[in-house]
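Take a look at the structure below.
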Number of protein chains: 2
Amino acid sequence: MLNPVTAEFEETLRATLPAAAFKEDTTSYLSEPRGRWTGQGFVVSPGSTEEVATVVRACAQARVAIVPYSGGTGLVGGQLLQEGPAPVVLSLERMNQIRAIYPSENVLVCDAGVILADVQKAAEDIGRLFPLSLASEGSARIGGLLSTNAGGVNVLRYGNARAQCLGLEVVRPDGTIWHGLTRLRKDNTGYDLRNLMIGAEGTLGIITGAALKLVPRPVGIGAAMMAVPSPAAALDLLALAGERIGEGIAAFEIVHRAGFDFLAQVGPQVRQPFDDLPDWCVLIDVGLPSGLIPEDALEGLFEAAFEAGLVTDGVIAQSMAQRDAFWHIRESIPEANRRIGSVSSHDISVPLSAVPAFIERAKQALAEVGDFRINCFGHLGDGNLHYNVFPMPGRSRTDYEAERPQVKRVVHDLVHAMEGSVSAEHGIGRLKVKDLEKYGDPAKLAMLRAIKDALDPLGIMNPGAVLAQSG
Amino acid sequence: MLNPVTAEFEETLRATLPAAAFKEDTTSYLSEPRGRWTGQGFVVSPGSTEEVATVVRACAQARVAIVPYSGGTGLVGGQLLQEGPAPVVLSLERMNQIRAIYPSENVLVCDAGVILADVQKAAEDIGRLFPLSLASEGSARIGGLLSTNAGGVNVLRYGNARAQCLGLEVVRPDGTIWHGLTRLRKDNTGYDLRNLMIGAEGTLGIITGAALKLVPRPVGIGAAMMAVPSPAAALDLLALAGERIGEGIAAFEIVHRAGFDFLAQVGPQVRQPFDDLPDWCVLIDVGLPSGLIPEDALEGLFEAAFEAGLVTDGVIAQSMAQRDAFWHIRESIPEANRRIGSVSSHDISVPLSAVPAFIERAKQALAEVGDFRINCFGHLGDGNLHYNVFPMPGRSRTDYEAERPQVKRVVHDLVHAMEGSVSAEHGIGRLKVKDLEKYGDPAKLAMLRAIKDALDPLGIMNPGAVLAQSG
């Protein structure tokens, strides 16, 4: 059983940590981006790994829960504990230093509280790229990005957050520190604790530092938007692009017409790239080595694709500003979605070749539940779709409380039947714990539980996230 | 406490599995590539995942140890149990089918007993590349390659075995089966069990199947050997190559003159590429997208490097046959080493920028132990050196029994002091268990032990590998 933070416990923490570790107004730490859930707890912001360890030791001794808090941008409630004994909410924001950069090794070592955009900037300053990139990069912090194994738009080429990390520093649930901040490219000495901590959503320990991989900046950068007759054609276009441009394809995003309609209806304002808005289009981003010209590569791709009937229209960015404008469209869709207010949002993946059938079957299945608008978009190159279901015009999210559970079930059942994942990149948090229980392989669930109990025997680390609280 | 395989237990297994699962001559399963250690046990070769589960359940019930046996090419004794109660040696060789290929997804699903070269061939047949490549690829099997997180020559570009795998099927130590053979590129539903099993050396379960990632075949393939004045110059050359050719650099191997001397002395026979044999040279392999010509890229690199004083001589392959000849040199060095017979071999990594200092300091430290020949070569691009210490001419390995422990200690202490790894790609097996205990971070060791005890509470899975047997 866990205990709540008491006035006495607060005093213990105040006596051991500097005043800067405590906030006057903590409301922002107890809410989530869309205002859907409200958390509780006592917010503490340690300034060093040692201070984190001090807090954790105190919590372990008092059996007080800890909710690690990074940028607060998570969409599945992993950063919020709504009920039960009040926890310590442990914010990493004061640990925001880049500790060291090794240009000749393409390695950057930083505190877990550094904001993603600051890591991107530091890499750019030495002529490198830190390829992790997503809509919330201006506020998301490295610790949370790693703890949720964040995805984003460059996974196709560079992999997810997991693939960007060489080493970790972690405060364990008993307050001991794992000094695993290695810069080594190869190290086969024991089980892969790094990847176990990455994606554990703060339930096995608190990531306090990371050694991150940088990559060379591509020389020739370009982008195009191409209208495709169908998702199946988009997949064929992806294959063709892979054959012609190889690893140079950095991102391959699909956008449905609903995205443009929503943007036109509620903003943010974007410039429409096509004369006739197609049902489906893709945004292709390329980064090429010196000697290759992105506009030529994209032009050649378009011509070959047009001949093969895979595209009906296309615009190739003629400047960085135009490329930015394309990305502005793509990155504004989540905001438009928020403004409309979804009945239910889904971050799903299916095997790549199953994407067209999934889109078709999901549409049919939902039609049997009721009338909805569907905005399906996302990282087609990874088989990862943000499949979001919206109210019909004139109605709102709250009109659909009755249908919501059924919508979720229909989408998730189909994903499961098609060997997909009900959380491709957002994680389990607290929102999808029951989905994991329902759809997860029993042997997998048994291993997750065994690992949790072994590494956090008191159950104080982010209880109720990923796995339901035991006991 | 574990029990040995008894005659009665043998009969139980013979009664439940087909005759094909049992061998007449099992000596080859109880030895290792260099004949250094001899194993023991009863060899069983199940033909299916269900049969593996049957064997594991029987062993769990009888508390009999299981030593998973794949290609038998491991160099650290992970596949051999020398002492203690006789185990079941579980060979995956009969599970050697490629289960399915998904060309449009770049995915291949296979049994764990498939030989690496057969996977490479299957990928080639559909115009793809399976980039894992190492000297033993003609006999090493997928299950062992994943269980040891094998490295090889293409890690620089494509990552190690871990990076080539999307999903696993695993028989757990209690005989239940984890059906984790996903083809998904993104799946954030719970802890990363895949990467936990990969590199666990058969101590947490038995990998019976894998979903592997394929990649497009590079269009323009080429190679060069360049003589460099020093390891530091080789590193600068690597950086220059990265700037000019980017991800097109597939391999960057360093070879010391000792390698050529050994080849000349004991074979295998190779053609020497340089008029004057340099102290150090590198083998650079490139794979470029269409539109770029490898010979031109390597020529340009050589000219720029020559101007910067980073290379003194170079040969660019003018044909695939010449490229193969370069690789034949590189891949023959381990065989020459075996023929000479090392005093002590080390598979180490250090942070990339520390490589030149390591080579210098190791040489000095060993000079204080005695007179040796050193053959240092390997995957410079990954900071991974095979640092092997040999007898002086006219003497043999057995003359150095007294010095061997000291040589090991000197090399490993230095690696540890320089924040490196004493097992970069070969794993811990049984040979390096004490090194892991000695050099491993205490918090890390505690987590390894907790995970082992949680997932294999009876301690039957490959006992004594990675971690010493408890109790």
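Points to keep in mind about this one:
- Hits in region A:59-95 - residues which are open to solvent by 10 Å² or more (accessible area, probe 1.4 Å), of a type in the set (S, T, N, Q) and touching a strand residue (DSSP E or B) at 6+ places or on another chain (Cβ under 6 Å): A:Ser70, A:Gln79
- Selection count where residues are under 14 Å from A:Leu145 (Cβ atoms) and either among the β-branched types (Val, Ile, Thr) or open to solvent by 20 Å² or more (accessible area, probe 1.4 Å) (or both), scope region A:160-193: 3
- Leading residue by the ranking (farthest from B:Pro68 (Cα to Cα)) among those in region B:89-112 that are touching a helix residue (DSSP H, G or I) at 6+ places or on another chain (Cβ under 7 Å) and free of Cβ contacts under 8 Å to residues at least 40 places away in the same chain: B:Ser104
- Flag for B:Asn106 being farther than 23 Å from A:Asp192 by Cβ, of a type outside the set (Gly, Ala, Ser) and crowded, with 21+ Cβ neighbours inside 10 Å: yes
- Filter result for B:Gly291 (at positive phi, within 13 Å of another protein chain (Cβ to nearest Cβ) and either part of a helix (DSSP H, G or I) or open to solvent by 50 Å² or more (accessible area, probe 1.4 Å) (or both)): yes
- Considering region A:306-339, and only residues there that are in contact with a strand residue (DSSP E or B) (Cβ under 6 Å, 6 or more places away or on another chain) and within 17 Å of A:Ala250 (Cβ to Cβ), the residue that is most open to solvent (accessible area, probe 1.4 Å) turns out to be A:Arg323.
- Boolean, A:Ser344 is at pLDDT 95 or above and either touching a Leu at 6+ places or on another chain (Cβ under 9 Å) or of a type in the set (Ser, Thr, Tyr) (or both): yes
- Residues that are within 11 Å of A:Ile98 (Cβ to Cβ) and touching a residue at least 60 places away in the same chain (Cβ under 8 Å) were ranked within region A:113-125; the one that is nearest to the chain's Cα centre (by Cα) is A:Val119.
- Residue count for region A:449-471 satisfying the condition of being at pLDDT below 95 and either open to solvent by less than 10 Å² (accessible area, probe 1.4 Å) or among the small types (Gly, Ala, Ser) (or both): 2.
- The set of residues in region A:19-38 that are open to solvent by 70 Å² or more (accessible area, probe 1.4 Å) and more than 24 Å from A:Gly464 (Cβ to Cβ) comprises A:Ala19, A:Glu24, A:Asp25.
- If only residues of region A:212-230 that are part of a strand (DSSP E or B) and open to solvent by 40 Å² or more (accessible area, probe 1.4 Å) are counted, the one that is farthest from A:His328 (Cα to Cα) is A:Lys213.
- Verdict on B:Ser353 being within 11 Å of chain A (Cβ to nearest Cβ), open to solvent by 20 Å² or more (accessible area, probe 1.4 Å) and of a type in the set (Ser, Thr, Tyr): yes
- Exactly one residue out of A:Thr16, A:Thr49 is open to solvent by 30 Å² or more (accessible area, probe 1.4 Å), in contact with an Asp or Glu (Cβ under 9 Å, 6 or more places away or on another chain) and not charged (D, E, K, R): that is A:Thr16.
- B:Ile98 falls short on exactly one of the conditions (1) open to solvent by 40 Å² or more (accessible area, probe 1.4 Å); (2) more than 14 Å from every other protein chain (Cβ to nearest Cβ); (3) farther than 26 Å from A:Leu238 by Cβ, and that condition is (3).
- Candidates A:Leu238, A:Leu263: the one that is surrounded by 16 or more Cβ atoms within 10 Å (Cβ to Cβ) and within 14 Å of chain B (Cβ to nearest Cβ) is A:Leu238.
- Here B:Leu366 meets each of (1) within 25 Å of the chain's Cα centre (by Cα); (2) buried (at least 19 other Cβ atoms within 10 Å of the Cβ) with one exception, condition (1).
- A:Ala304 being away from every other protein chain (no Cβ under 14 Å) and of a type in the set (A, V, I, L, M, F, W, C): no
- Of all residues in region B:123-156, those satisfying the criterion of being under 21 Å from A:Arg194 (Cα atoms) and open to solvent by 40 Å² or more (accessible area, probe 1.4 Å) are B:Thr148, B:Leu156.
- Subset of region B:243-260 [without any contact (Cβ under 8 Å) to a residue 12 or more places away in the chain and open to solvent by less than 50 Å² (accessible area, probe 1.4 Å)]: B:Gly246
- Under the condition of being facing another protein chain (nearest Cβ under 7 Å) and either open to solvent by 50 Å² or more (accessible area, probe 1.4 Å) or among the hydroxyl-bearing types (Ser, Thr, Tyr) (or both), the residues counted in region B:420-448 number 3.
- Filter result for A:Gly41 (at pLDDT 95 or above and surrounded by fewer than 20 Cβ atoms within 10 Å (Cβ to Cβ)): no
- Odd one out for B:Ser342, checked against (1) surrounded by fewer than 24 Cβ atoms within 10 Å (Cβ to Cβ); (2) within 14 Å of chain A (Cβ to nearest Cβ); (3) not β-branched (Val, Ile, Thr): (2)
- Residue match in region B:270-283 (condition: within 10 Å of another protein chain (Cβ to nearest Cβ) and not in a helix (DSSP H, G or I)): no
- Qualifying residue in region A:459-470 (condition: at the interface with chain B (Cβ under 8 Å from one of its Cβ atoms) and farther than 18 Å from A:Val76 by Cβ): no
- All positions within region B:178-222 that are hydroxyl-bearing (Ser, Thr, Tyr) and touching a Phe, Trp or Tyr at 6+ places or on another chain (Cβ under 9 Å): B:Thr189, B:Thr203
- Filter result for the condition that a residue is on the phi > 0 side of the Ramachandran plot and part of a loop (DSSP other than H, G, I, E, B), over B:Gly72, B:Gly47, B:Gly78: B:Gly72
- Residue check, B:Ser470 among the polar types (S, T, N, Q) and within 19 Å of B:Gly151 (Cβ to Cβ): no
- Selection within region B:425-471 - in a loop (DSSP other than H, G, I, E, B), farther than 11 Å from B:Glu201 by Cβ and under 21 Å from the mean Cα position of the chain (by Cα): B:Glu425, B:Leu431, B:Gly440, B:Pro463
- Of residues in region B:399-419 being more than 18 Å from B:Ile374 (Cβ to Cβ) and in a helix (DSSP H, G or I), the one least open to solvent (accessible area, probe 1.4 Å): B:Ala417
The values are calculated or read from the model by the stated rules, or taken from the named source; none is laboratory data. Owing to the predicted nature of the structure, the values given are computational and were not obtained by experimental measurement. Glycine gets a Cβ as well: all are built from the backbone with ideal geometry, and neighbour counts include every protein chain shown. Side chains are part of the model used for accessible areas, which takes the heavy atoms of the whole protein and leaves out ligands, DNA and RNA. Shrake-Rupley method; radii C 1.70, N 1.55, O 1.52, S 1.80 Å.
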